[in-house]
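**Student:** Dumping the structure here so I can ask a few things about it.
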Amino acid sequence: MSRIGKNPVDLPQGVTVSVSKSNLVTVKGPKGELTQQVDPDMGIEVKDAEVQVTRPTDSKRHRSFHGLYRSLLANMIEGVTNGYTHRLEVIGVGYRAENKGNLLILTLGYSHPIYFIVPKEVAVETVSAKGKNPIIVLQSMDKQLIGQIAAKIRSLRKPEPYKGKGIRFEGEIIRRKAGKTAAKK
């Protein structure tokens with residue numbers, strides 16, 4: 001039995017889970033509604049404020065899906081209850097970030113500003129304080145989407161190992177390298 005898959009997912013107050021005949025799972029909560037298509041072989045039971053995922057056999061395919069779908073359902077329930085937040089730091093002289101609605105405008109040392117349109121499911125906010133690095137705050141109830149958007153924004157200017165300039169997740173540790181002058185000693 002999968003250690004993750006066999007654990008039931010508790011349903012908080014105000015969250016409902018419904019499963020259609022085609023195994024389309026819909027989770028509704030205070031922050032919104034999420035849907036996920038589940039493999040038709042997997043069984044999903046909702047009872048006593050818990051969601052349980054079951055598998056028909058012990059084949060490798062079913063074992064791998066068992067833990068996967070349990071984790072996806074747990075993330076959906078957490079998302080519609082509390083939501084997810086990612087914070088990105090923009091580090092570098094002259095590097096700036098600002099937003100106008102869901103349009104993120106980044107100045108990252110290139111010859112042109114970068115305009116990044118954030119999907120409407122993700123709320124974006126920029127925080128700029130004098131003497132501190134600009135911070136991009138992303139909020140959404142969809143963990144997969146917010147992670148993908150945060151990774152895409154980070155990929156626009158990855159942190160470099162010599163000076164540490166670029167976009168990084170808040171709290172991310174960058175391995176630094178010594179430059180050429182340190183090797184000559």
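The values are calculated or read from the model by the stated rules, or taken from the named source; none is laboratory data. What you see is a predicted model; the values in this text were computed from it and never measured. Neighbour counts are summed over all protein chains in view; Cβ atoms, including those assigned to glycine, are modelled from backbone coordinates with ideal geometry. Accessible surface areas use protein heavy atoms only, side chains included; no ligands, DNA or RNA. Shrake-Rupley method; radii C 1.70, N 1.55, O 1.52, S 1.80 Å.
**Student:** Would you mind telling me the share, in percent, of accessible area of the chain contributed by carbon and sulfur at probe 1.4 angstrom?
**Tutor:** For the chain, the apolar C and S fraction of the accessible surface comes to 51 percent.
**Student:** A further question on this structure: In a shell of Cβ-Cβ distance under 14 Å around residue 82, excluding residue 82 itself, what net charge do Lys and Arg (+1) and Asp and Glu (-1) give?
**Tutor:** Numbers: positive: 31, 143; negative: 10, 78, 142.
Around residue 82, the surrounding residues sum to -1.
**Student:** Collect residues whose amide H, placed 1.01 Å from N in the peptide plane, falls under 5 Å from the amide H of residue 50; neighbours closer than 5 in sequence don't count.
**Tutor:** 11
**Student:** In degrees between 0 and 90, to the nearest 10, how far off the longest principal axis of the chain does helix 60-81 point, with axes built from Cα atoms?
**Tutor:** On a 0 to 90 degree scale, this one is about 70.
**Student:** How compact is segment 55-185 by the rule of thumb for globular proteins, expressed as Cα Rg over 2.2 N^0.38 Å?
**Tutor:** Working it through for segment 55-185, the quotient is 1.36.
**Student:** For the chain, what does the accessible surface come to per residue with a 1.4 Å probe? Please give it in Å².
**Tutor:** Result: 62 Å² per residue.
**Student:** Build a GNM of the chain with springs between Cα atoms under 10 Å: which of 25, 93, 137 gets the top mean-square fluctuation?
**Tutor:** Looking only at 25, 93, 137, the biggest GNM fluctuation is shown by 93.
**Student:** Suppose accessible area is computed on protein heavy atoms with a 1.4 Å probe; arrange 58, 48, 142 from highest to lowest. Walk me through the numbers on the way to the answer.
**Tutor:** Working: 58 110, 48 140, 142 55 Å².
If we order 58, 48, 142 from most to least accessible, we get 48, 58, 142.
**Student:** Run the dipole for the chain about the Cα centre, Lys and Arg Cβ at +1, Asp and Glu Cβ at -1, nothing else charged, and hand back the magnitude in debye, nearest 20. Numbers along the way, then the final one.
**Tutor:** Details: 31 positive and 17 negative charges, 306 e Å.
Approximately 1460 debye in magnitude.
**Student:** Multiplying the sequence separation of residue 37 and residue 117 by 0.36 nm and subtracting their Cα-Cα distance, what value in nm do you get?
**Tutor:** Extra length from residue 37 to residue 117 when fully extended: 26.1 nm.
**Student:** Can you work out ³J(HN,Hα) from phi for every residue in segment 42-47, in order, using Karplus 6.51 cos²θ - 1.76 cosθ + 1.60 and θ = phi - 60°, giving whole Hz and x for Gly and Pro?
**Tutor:** Listing the rounded values in order: 7, x, 10, 10, 10, 7 Hz.
**Student:** When the helices in the chain are scored as -39500 (n - 2.57) per DSSP H run of 4 or longer and the sum is shared across all residues, what 222 nm value do you end up with, to the nearest 500 deg cm²/dmol?
**Tutor:** After summing the helix terms and dividing by the residues of the chain, the value is -6500 deg cm²/dmol.
**Student:** What are the radius of gyration and Dmax of segment 132-185, computed over its Cα atoms and given in Å?
**Tutor:** That works out to 14.9, 52 Å for Rg and Dmax.
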